[in-house]
Amino acid sequence: MKKLYFLSVILYLAGACPLFSQEAFKLEVYGDSQKNGGSRIISPVTELRLSSKPGKMNYGVLLNTEKIYSRVPVTIKYGNLSYSGSLSRLNSPELSNGTSPFSSSIMTTSGLTANLPGYTSFSNPESAFAQIKMNRLFNSSLSLLINLALSPENEEPFFSAMLSDKLLSNRLSLNTSFTAGKFFYTDNSSASWLLDTPYYAAGQHFSSLLQFSATYKQKASGNSLQAAAMAAVYESPFGPYTALYRADLKYIMKNTELFSAAFLNAYEDTLTSSGKKLEPSAQFKAGLITKKPFLLKAEKLYFLKLGANAYSRFNLTKNEHPLRLNTGIQLYSDLTSLSFSLSSDFKLNSLTPESPPQSLKKNGLSFQIKNSWYLEKITAGLTLNIEENKYKIALNLSNSSNGKKQKLNGKLSGSSAFSFSLKDQKLSDKKLSASLTCRLLLRNLTVIGKMSFQTDF
């Protein structure tokens, strides 16, 4: 009853706003073959989301006052919210060891963000989120963003504050943010006297994250330099605080990107805000991406992209240290894209954790071929992944019909994947999955339907 009352009050306040006589509602309806269903009602000031499946239900409400009072806009969200932004970094602060040779993204400074529930996820409890923007109170480009969240998973609210500014005729951008709160963690029931990890009971601990980033762009050459740094502090279940650090650097010069990142955790009892235990380690990642344009017949412009990066993790209490090398080549234009990438995994072995590595052992190899086509109304993609004795083939196809003169616009997209293992000329672990999604748009109404299945044989 309290939920319905809260929703009624929000919708009443939104409906009483004179903006609704100028801008119409937008309605979205969703349903799929897995018995998930839901809807969205969007207005200039509010948004309401409802989703359900047998035995479960989600809802979410958003109220934004930017079109009512733009000097200090306030956003309020309530329902089964999911959180990301700086909280994701606080939960998982380590470097990514992904296999893509064409990814050069570095850490970005952000604040706490909250998302209304989707149509297929039902794992988040009810929570509340508020955001205040103060970017028009100052006679400069300085802006302040304050976020506050209250969840039953945390006894106290957790928050973030982000400060941004632009200097030197907008050539220099500076951002800094601080996120903090108390977060619950479960007990270490798997520990025993024979294990290295000591036992600790369930409880809550203070966690905080400080981020800073700067971007400088040269107007004449177009070159840019990006730098980012972070420090996270976690209260340990055993009493003292632990700290870890990370720094990223990226330089873009014409058609070439150079990037590097370093991470350090020197403590054995580091427990993040999500309850994840981190092993002591020093991690490094570096790489480059370069592309070169050229013309083929009929003066068609193509780009040749080359990418390579390396990731290493030096465990401070173990003798084995993983190393991953990624390389790739890509040929693309506005109509098609063809890429080949190779990822190799190694293990560096040392006599003691303190001694330098003395041997290198190959641990795995994966290969990917990806081809995509971007036609006027059809987009198609085919991907082949090979990893040791495992194979996977994925196909994606979408068709859209959009036009100003058409009353009904739509998009039809489908995907399928087949994976299997091949060992001693015998097939095993065969899996087949497929999905078909249809999206129809008629003025302010959007209807989405999805059919999917997955089988093992």
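The values are calculated or read from the model by the stated rules, or taken from the named source; none is laboratory data. All figures in this text were calculated on a predicted structure; none of them were measured in a lab. For neighbour counting, all protein chains shown are included, and Cβ atoms are generated from backbone atoms with ideal geometry for every residue, glycine included. Just so you know, the surface numbers come from the protein's heavy atoms only, side chains and all, with ligands and any DNA or RNA stripped out. Shrake-Rupley method; radii C 1.70, N 1.55, O 1.52, S 1.80 Å.
So which GluC sites (Glu not before Pro) in the range 350-389 end up in coil per DSSP with only 13 or fewer other C-beta atoms within 10 Å?
Numbers: sites: GLU354, GLU376, GLU387, GLU388; in loops: GLU354, GLU376, GLU388.
Those that pass, being in a loop and sparsely packed, are GLU354, GLU376, GLU388.
Rolling a 1.4 angstrom probe over the protein heavy atoms, how many square angstrom per residue are accessible across the range 269-356?
Normalised by residue count, the accessible surface of the range 269-356 is 51 Å².
Carbon and sulfur together cover what percent of the accessible area of the range 274-363 at a 1.4 Å probe radius?
The C+S portion of the solvent-accessible surface of the range 274-363 is 62 percent.
Hey, if you put +1 on the Cβ of every Lys and Arg and -1 on every Asp and Glu Cβ in the chain, which of MET230, THR272, TYR83 ends up farthest toward the positive end of that dipole?
Comparing the listed Cα positions along the dipole, TYR83 ranks first.
Going 7 Å from the Cα of LEU395 in the Cα-to-Cβ direction, what parts of the range 415-457 have a backbone nitrogen less than 11 Å from that spot?
Flagged as within label range: 415-418.
Which value, in debye to the nearest 20, describes the size of the charge dipole of the range 316-457 about its Cα centre when Lys and Arg Cβ atoms bear +1, Asp and Glu Cβ atoms bear -1, and nothing else is charged?
Using only the charged Cβ atoms, the result is roughly 740 debye.
For the chain, what does the relative contact order come out to in percent, with C-alpha contacts under 8 Å and a separation of six or more? Write down the numbers at each step before the final one.
Working: 1191 pairs, mean separation 42.0, N = 457.
The value is 9 percent.
About its Cα centre, how strong a charge dipole does the range 12-151 have in debye, to the nearest 20, once Lys and Arg get +1 and Asp and Glu get -1 at the Cβ?
120
Computing the accessible area with a 1.4 Å probe over protein heavy atoms, can you report the carbon and sulfur percentage for the range 78-127?
Numbers: 810 of 1860 Å².
Roughly 43 percent of what the probe reaches on the range 78-127 is carbon or sulfur.
Tell me the label only: which of (i) 29.5; (ii) 21.5; (iii) 19.2 is mean projected area of the Cα convex hull in nm² as calculated from this structure?
The value matching this structure is (i).
Given the rule -39500 (n - 2.57) for each run of at least 4 DSSP H residues, summed and divided by the residues of the chain, what is its mean residue ellipticity at 222 nm, to the nearest 500 deg cm²/dmol?
Details: 2 runs with 20 residues, N = 457.
The helix contribution divided over the chain gives -1500 deg cm²/dmol.
Under the rule a/c < 1.5 gives rounded, and otherwise a/b versus b/c splits prolate from oblate, where does the range 213-269 land using the Cα gyration tensor?
Note, shape of the range 213-269 comes out prolate.
Taking the highest mean first, how do the peptides 264-270, 369-375, 308-314 order by number of other beta carbon atoms within 10 angstrom per residue? Write down the numbers at each step before the final one.
Working: 264-270: 17.4, 369-375: 14.1, 308-314: 20.0.
Descending mean neighbour count gives 308-314, 264-270, 369-375.
What is the distance in Å between the Cα centres of the range 205-282 and the range 153-182?
The two parts, judged by their Cα centres, are 14 Å apart.
Quick one: net charge around ASN309, please, counting Lys, Arg +1 and Asp, Glu -1 for every other residue with C-beta under 10 Å from its C-beta. Working shown, then result.
Numbers: positive: LYS285, ARG324; negative: none.
Net charge in that neighbourhood comes out at +2.
Along the charge dipole of the range 253-317, which of LEU288, ASN315, TYR302 sits closest to the positive end, that is, farthest toward it, with unit charges on the beta carbon of Lys, Arg, Asp and Glu (+1, +1, -1, -1)?
So the residue we want is TYR302.
Can you send over the solvent-accessible area of LYS217, 1.4 Å probe, protein chains only, in Å² to the nearest 10?
120
Report, in whole Å, the centroid distance computed from the Cα atoms of the range 52-66 and the range 385-457.
Cα centroid to Cα centroid, the span is 27 Å.
To the nearest 20 Debye, how big is the dipole of the chain about its Cα centre, given +1 on the beta carbon of each Lys and Arg and -1 on that of each Asp and Glu?
1980
Can you give me the Cα centroid spacing of the range 288-329 and the range 331-380 in angstrom?
8
Rounded, prolate or oblate: which fits the range 20-118, taking a ≥ b ≥ c as square roots of the Cα gyration tensor eigenvalues, rounded meaning a/c under 1.5, else prolate when a/b beats b/c?
Oblate is the answer for the range 20-118, as a/c is 1.5 or above yet b/c matches or exceeds a/b.
Run the 1.4 Å probe and let me know the accessible area of THR437, rounded to the nearest 10 Å².
The accessible area of THR437 comes to roughly 40 Å².
If the cut-off is 21 Å between C-alpha atoms, which lysines fall inside it for LYS35, apart from same-chain ones fewer than 8 positions away?
Once the sequence-local lysines are set aside, what remains near LYS35 is LYS53, LYS56, LYS450.
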